[in-house]
Amino acid sequence: MLIDERHFLDMKNTINQITFVPDEQMNAILPFVSKASYGKDEYFTRAGDYQTHIGYVVDGLFRLFYVDMKGKEFTKYFNTRGSFVVVYNSILEGQPSYLYIRALKDSEVLLINFKEWLNLANSHICWQIFFRKMTEQAYLQKEKRESDLLFFDAETRYRNFKKDFPGLDKAIKQHHIASFLGMSPETLCRTKRKIDNC
């Protein structure tokens, strides 16, 4: 599928918000970029898959989740427009993914071949800095999520969710939000009534 120039420019702007990348280096990744569309409920990755590409969400929404031995789902994160979607254990260690990543609405993604992209890092330090900062951001997100679950009550967790994902509370199923926040749907409902006055 052909890449829309606007979408590539959007990804370029996002990358440059993380660290400056010269135009010639952005152009160098073009041969390794393709476009993919995912319908609602389609999977970007399933547990057991080997991930070879990093995705950049041009439009749409994805949910990252685990499934335990009893079939219960636990939401880890949401990837919204303008974010990179990736399973780090799979892409960095060559291991099968332990996560599912599923589209919650029709979505478009730019796919970047990670191996080829990593090879570019050997020729220019900007990509080394980019990958380091992207990994740091992922670690900080993980740490924040863990501290939210460990230290904060339901109301604070919900307020933080609304701040981190503006508008998402009205766009997705409530049991997905409850799963992400580590509470029952009933607790989320009571919390929303108190905070949102609904």
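The values are calculated or read from the model by the stated rules, or taken from the named source; none is laboratory data. Treat the numbers as computed from the prediction; the structure is a model and nothing was measured. Glycine also receives a Cβ, built like all others from the backbone with ideal geometry; neighbour counts cover every protein chain displayed.
In table form, for the structure just shown:
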| quantity | calculated |
| --- | --- |
| Members of the range 124-141 found to be in contact (Cβ under 8 Å) with a residue 60 or more places away in the chain and loosely packed, with under 15 Cβ neighbours inside 10 Å, listed by number | Lys133, Gln137, Gln141 |
| Verdict on Asn119 being modelled with pLDDT of 90 or more, within 30 Å of Lys35 (Cβ to Cβ) and touching a His at 6+ places or on another chain (Cβ under 8 Å) | no |
| Qualifying position, being crowded, with 19+ Cβ neighbours inside 10 Å and either in contact (Cβ under 8 Å) with a residue 60 or more places away in the chain or touching a strand residue (DSSP E or B) at 6+ places or on another chain (Cβ under 6 Å) (or both), among Ser37, Ser107 | Ser107 |
| Residue satisfying all of: in the range 148-198; in contact (Cβ under 8 Å) with a residue 40 or more places away in the chain and more than 29 Å from Asp106 (Cβ to Cβ); nearest to the chain's Cα centre (by Cα) among these | Glu155 |
| Those residues of the range 75-88 which are closer than 17 Å to Glu136 by Cβ and either crowded, with 21+ Cβ neighbours inside 10 Å or out of contact with any strand residue (DSSP E or B) (no Cβ under 6 Å at 6 or more places or on another chain) (or both), in sequence order | Val86, Tyr88 |
| Leu140 being part of a strand (DSSP E or B) and not small (Gly, Ala, Ser) | no |
| Subset tally (residues that are surrounded by 14 or more Cβ atoms within 10 Å (Cβ to Cβ) and not in a helix (DSSP H, G or I)) for the range 9-34 | 4 |
| Meets criteria (hydroxyl-bearing (Ser, Thr, Tyr), in contact with a Gly (Cβ under 9 Å, 6 or more places away or on another chain) and farther than 18 Å from Phe130 by Cβ) for Tyr38 | yes |
| Residues (among the acidic types (Asp, Glu) and more than 14 Å from Val109 (Cβ to Cβ)) located in the range 42-90 | Asp49, Asp68, Glu73 |
| Some residue of the range 171-189 being assigned to a helix (DSSP H, G or I), surrounded by 13 or more Cβ atoms within 10 Å (Cβ to Cβ) and of a type in the set (Ser, Thr, Tyr) | yes |
| Unique match (being touching a Pro at 6+ places or on another chain (Cβ under 9 Å) and modelled with pLDDT of 95 or more) among Asp106, Asp49, Asp41, Asp59 | Asp49 |
| Qualifying residue in the range 142-150 (condition: closer than 19 Å to Leu92 by Cα, surrounded by 13 or more Cβ atoms within 10 Å (Cβ to Cβ) and modelled with pLDDT under 95) | yes |
